Amino acid sequence: MEKEEIKMWEVMPAVALRGLTIFPHMIIHFDLSRQKSIIAVEQAMMQEQKIFVITQKDTSVEEPVKEELYQIGTVAVIKQVSKLPGGLVRVLVEGITRGRLKELESISVNLPEDEFLQAQVEVLEEAIFRDSGQEMSIEEEAMLRQIKDMVAQYSLLYPKIGKGLSAHLERGNHLPRLLDELVINMPLSYDKKQAVLESVKMEERYETMIQILSKEIEVGKLKNKLSEVVKGKVEENQKEFLLREQLKYIRKELGEDSETSEVEQFEASLGKLKASKEVKDKILKEINRFKKLSSHSSEYAVERGVIETLLDLPWDKVSKDNLDMDEAENQLNQDHYGLEQVKERILEFLAVRALLGRGNSSILCLVGPPGTGKTSIAKSVAEALNKKYVRICLGGVRDEAEIRGHRRTYVGAMPGRIVHGLRQAGVKNPLMLLDEIDKVSNDYKGDTFSALLEVLDSEQNSHFRDHYVEIPVDLSQVFFICTANSTNTIPRPLLDRMEVIEVTSYTSNEKFHIAKKHLVQKQLKANGIKKEQLSFSDTALKEIIQYYTREAGVRTLERIIGTVCRKAARELLKKEQKIRIGSGNLEKYLGKKKYTLDRINTRDEVGIVRGLAWTSVGGDTLQIEVNKMPGKGEIELTGQLGEVMKESARTAVSYVRSISEEYRLDAKVFKENDFHIHIPEGAVPKDGPSAGITMATAILSAITETPVRADVAMTGEVTLRGRVLPIGGLKEKILAAKVAGVKTVIVPEENRKDVEEISKEIKTGLKICFVEHMKQVVEIAFVKEEGK
């Protein structure tokens, strides 16, 4: 028989539901918190327990009106009411039939605020579809089979939900009610369920249900397909990776993927990197390799460290140099007193840079005694040129990997010090100081000096290859400055690649100016003393230099000034006063004088000649003594002389014996007398050939009993034929002679060019005589007898 609807009107309390749709024949409980809804339930319980439940369109609305509710709801019977903590009420209802909302109004009970919703409902009650035992129509049979087929497909995609749906299909053959039961048991949103509820006619309900099932089946197929795609990208044993990929995809679909991964950060940094295409391609290759590694892989951390290093290196990033010659010169003069050769070379570098418009690889090596400002001048140069400053100390480095880096196969591998210095500077044209290059050592791990050959070769270092980076690094724009105390330990091939600049000892006058302009201010600041509280007189500074220090540089001088400042600070705390350090109170702060001036003798003597020597802390004078005594012609050498100095003494004796006829000496003198050559300060080792002419003069003086002038000092190597050969360290030697009060200095003729380079300040007050042969030395040094 045909389906027909029985229409009837009823008035009953109503409850507006948020996010929930109730169907006929559905038993469900829900919680109420709105006062209107709770009063509506109470009113329904006092009547026939019928209540009209209808769903809101917008769940955020607190006081919905008719237009904000769906048209179709469900007439239900209240089965149970329970009160919960917090003013909540839990209601258990059973749906009876559909109903269409016609009117909705708020009804007051006792007080105006005690209102509830009352609805005028058109009850849509369906008649029985067919009589009991009556066969299905062809139309209904077709609809039922179609629904069963689609539910079967749905069950394959969602097995857990499909079991419950299949049970309903087996029990029911009443299509309209079956469709309601399917919707009730499917995890659908309330708006989709509401669409089925509003489909009153069977055909409409069937079409709506077909649409919902079709969409759910398509979503399920796409979900499984995506799962298979993600699963195919990884191996079966990489469960964690699979879960992370799925989580990433879910976040992307939900729009919650705000956190960028490490790979994305690397790719973003690569995009901003200033580098050539070749370098970028190689870094991208490393990033792609990193993508394929698991976070639990042993190579993961190594590869990440490599990429971070490559991205941090300044491949094409340069800083702008200061090309103002006057400003750079003022900066150098302000920071350092003296060191004219070094300053001149820096200004030459600036001039070339200004003409070329680009930097060239300059490699300077500053060689000199400790404390002469080699390291500090490098930092000052960096400030003058506006360059980034990087200091690399090579003292004690014995592993070649410290320079070239470790290969990545080793645990804890890292780049070499050169690449690390570039990374630290952040630009490709810094000033890099290689400190104490003469103290590099070698062992079985490789020759460190050989590794430095490529670094310090301006023809090769444009493609320096570090084992860790494995990409050629351009060092051609780095300004290298090396420091050393001596060139003796530096291999010749490495020394040949550097421009060596001698940093000689400071004169007493230079030390005085350095102390006055720099050291005193530095120590006052270091000890928290103001300039007005403590001052040094010029005489005090000169006495500190002469009587409390014996060095080529100024390190000890700075420490002694610091000692005075600390003791003065203690006095300043006891009572506020101004302290002035002068020659009168210097011993109070520093004690007795540690050194005395090595002054010349007051009278001319036989067999005593003053020589000049170079030491690691500057120049010094040596008083060489020769005694002639009866014996068997033996030669005694004392004073802890080195092998070279002993040979020089024997050469001097042989020369004197060869010229004995010129001085009318009896040949028996050398057979019947012993000669004792002694150089005082026996605890101090001495070596070198430069005392040759001094010993020859002393021996000749002792044999001929001719006095030698006390105001004469000499230096030079002697040969068997009496020729005078050049020597080194002339500046320090002449300075020592001046301090000792010498008036005349005898030096080899071939050292004339070295003397011309010495400042006038040192040479003032000295008569410097150039000699080529021992005859000239004797002519100057021996005291001439009256009348001759």
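The values are calculated or read from the model by the stated rules, or taken from the named source; none is laboratory data. Please read all numbers here as calculations on a predicted model, not as lab measurements. With ideal geometry, Cβ positions are generated from the backbone for all residues, glycine too; neighbour counts draw on all protein chains shown. For accessibility, only protein heavy atoms count, side chains too; no ligands or nucleic acids. Shrake-Rupley method; radii C 1.70, N 1.55, O 1.52, S 1.80 Å.
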Residue by residue through the stretch 410-437, note down the ones that are under 22 Å from residue 386 (Cα atoms) and in a loop (DSSP other than H, G, I, E, B). 426, 427, 428, 429, 430
Please give the number of the condition residue 514 fails out of (1) hydrophobic (A, V, I, L, M, F, W, C); (2) open to solvent by 10 Å² or more (accessible area, probe 1.4 Å); (3) touching a Ser or Thr at 6+ places or on another chain (Cβ under 9 Å). (3)
Cβ contacts < 7 Å: first residue under 17 Å from residue 17 (Cα atoms), restricted to the stretch 74-89; second residue in a strand (DSSP E or B) and basic (Lys, Arg), any location; separation 6+ or different chain. Result? 74/98; 75/50; 77/50; 89/83
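Report whether or not residue 354 is out of contact with any strand residue (DSSP E or B) (no Cβ under 6 Å at 6 or more places or on another chain), among the small types (Gly, Ala, Ser) and under 30 Å from residue 270 (Cα atoms). Give the steps one after another, and end with the answer.
On the way: out of contact with any strand residue (DSSP E or B) (no Cβ under 6 Å at 6 or more places or on another chain): yes; among the small types (Gly, Ala, Ser): yes; under 30 Å from residue 270 (Cα atoms): no.
No: the conditions fail for residue 354.
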Restricting the first residue to the stretch 765-782 and requiring it to be modelled with pLDDT of 90 or more, which pairs with a second residue that is part of a strand (DSSP E or B) and among the polar types (S, T, N, Q) meet a Cβ separation below 6 Å and a spacing of at least six or different chains? 767/744
Check on residue 24, under 16 Å from residue 101 (Cβ atoms) and in contact (Cβ under 8 Å) with a residue 60 or more places away in the chain: yes
Among (1) of a type in the set (A, V, I, L, M); (2) at pLDDT below 80; (3) in contact with a helix residue (DSSP H, G or I) (Cβ under 9 Å, 6 or more places away or on another chain), which single condition is residue 356 missing? (3)
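With surrounded by fewer than 16 Cβ atoms within 10 Å (Cβ to Cβ) and either on the phi > 0 side of the Ramachandran plot or at pLDDT 80 or above (or both) as the only criterion, which of 343, 379, 388, 291 stands out?
Answer to the check: 379.
Yes or no, residue by residue, for (1) hydrophobic (A, V, I, L, M, F, W, C); (2) surrounded by fewer than 19 Cβ atoms within 10 Å (Cβ to Cβ); (3) touching a Ser or Thr at 6+ places or on another chain (Cβ under 6 Å); (4) closer than 25 Å to residue 178 by Cβ:
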site: 17; (1), (2), (3), (4): yes, no, yes, yes
site: 24; (1), (2), (3), (4): no, no, yes, yes
site: 33; (1), (2), (3), (4): no, yes, no, no
site: 40; (1), (2), (3), (4): yes, no, no, no
site: 43; (1), (2), (3), (4): no, yes, no, no
site: 63; (1), (2), (3), (4): no, yes, no, no
site: 82; (1), (2), (3), (4): no, yes, no, no
Please go through (1) touching a helix residue (DSSP H, G or I) at 6+ places or on another chain (Cβ under 7 Å); (2) open to solvent by 20 Å² or more (accessible area, probe 1.4 Å) for residue 484 and return the number of the only condition it doesn't satisfy. (2)
Mind listing just one residue for me: the one in the stretch 643-687 that is open to solvent by less than 20 Å² (accessible area, probe 1.4 Å) and assigned to a loop (DSSP other than H, G, I, E, B) and, of those, farthest from residue 745 (Cα to Cα)? 660
Taking only the stretch 294-323 into account, find how many residues are open to solvent by 40 Å² or more (accessible area, probe 1.4 Å) and touching a Phe, Trp or Tyr at 6+ places or on another chain (Cβ under 6 Å). 0
Inspect the stretch 723-730 for any residue being open to solvent by 10 Å² or more (accessible area, probe 1.4 Å), touching a residue at least 60 places away in the same chain (Cβ under 8 Å) and either under 26 Å from residue 653 (Cβ atoms) or of a type in the set (Lys, Arg) (or both) and give the result as yes or no. yes
If you check every pair at least six apart or on different chains, which have Cβ atoms under 6 Å apart with a residue in the stretch 745-761 that is on the phi > 0 side of the Ramachandran plot first and a residue that is open to solvent by 10 Å² or more (accessible area, probe 1.4 Å) second? none
Top-ranked residue of the stretch 603-642 - restricted to ones that are open to solvent by 70 Å² or more (accessible area, probe 1.4 Å) and either under 30 Å from residue 510 (Cβ atoms) or among the aromatic types (Phe, Trp, Tyr) (or both), ranked as modelled with the highest pLDDT: 614
Please go through the stretch 169-197 and pick out each residue that is open to solvent by 30 Å² or more (accessible area, probe 1.4 Å) and at pLDDT below 85. 170, 171, 173, 174, 177, 181, 184, 185, 187
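What do you reckon, is residue 390 assigned to a strand (DSSP E or B), among the β-branched types (Val, Ile, Thr) and in contact (Cβ under 8 Å) with a residue 12 or more places away in the chain? If you could, list the steps in order and put the result at the bottom.
Working: assigned to a strand (DSSP E or B): yes; among the β-branched types (Val, Ile, Thr): yes; in contact (Cβ under 8 Å) with a residue 12 or more places away in the chain: yes.
In short, yes.
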With respect to the numbered conditions (1) of a type outside the set (Phe, Trp, Tyr); (2) open to solvent by less than 10 Å² (accessible area, probe 1.4 Å); (3) at pLDDT 85 or above; (4) under 24 Å from residue 488 (Cα atoms), which one is the sole condition not fulfilled by residue 422? (4)
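For the stretch 567-584, does any single residue satisfy the condition of being hydrophobic (A, V, I, L, M, F, W, C), out of contact with any Leu (no Cβ under 9 Å at 6 or more places or on another chain) and surrounded by 14 or more Cβ atoms within 10 Å (Cβ to Cβ)?
Going through the stretch 567-584, the residues hydrophobic (A, V, I, L, M, F, W, C) turn out to be 568-569, 572-573, 579, 581.
Next cut, out of contact with any Leu (no Cβ under 9 Å at 6 or more places or on another chain) only: 573.
Now drop any that are not surrounded by 14 or more Cβ atoms within 10 Å (Cβ to Cβ), which leaves none.
Within the stretch 567-584 (the criterion being hydrophobic (A, V, I, L, M, F, W, C), out of contact with any Leu (no Cβ under 9 Å at 6 or more places or on another chain) and surrounded by 14 or more Cβ atoms within 10 Å (Cβ to Cβ)), the answer is no, since none of the residues qualifies.
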Just one of the numbered conditions (1) over 30 Å from residue 714 (Cα atoms); (2) crowded, with 19+ Cβ neighbours inside 10 Å; (3) not hydrophobic (A, V, I, L, M, F, W, C) is not true of residue 563; which one? (2)
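Does residue 407 count as open to solvent by 10 Å² or more (accessible area, probe 1.4 Å), outside any loop (DSSP other than H, G, I, E, B) and in contact (Cβ under 8 Å) with a residue 40 or more places away in the chain?
Details: open to solvent by 10 Å² or more (accessible area, probe 1.4 Å): yes; outside any loop (DSSP other than H, G, I, E, B): no; in contact (Cβ under 8 Å) with a residue 40 or more places away in the chain: yes.
The answer is no for residue 407.
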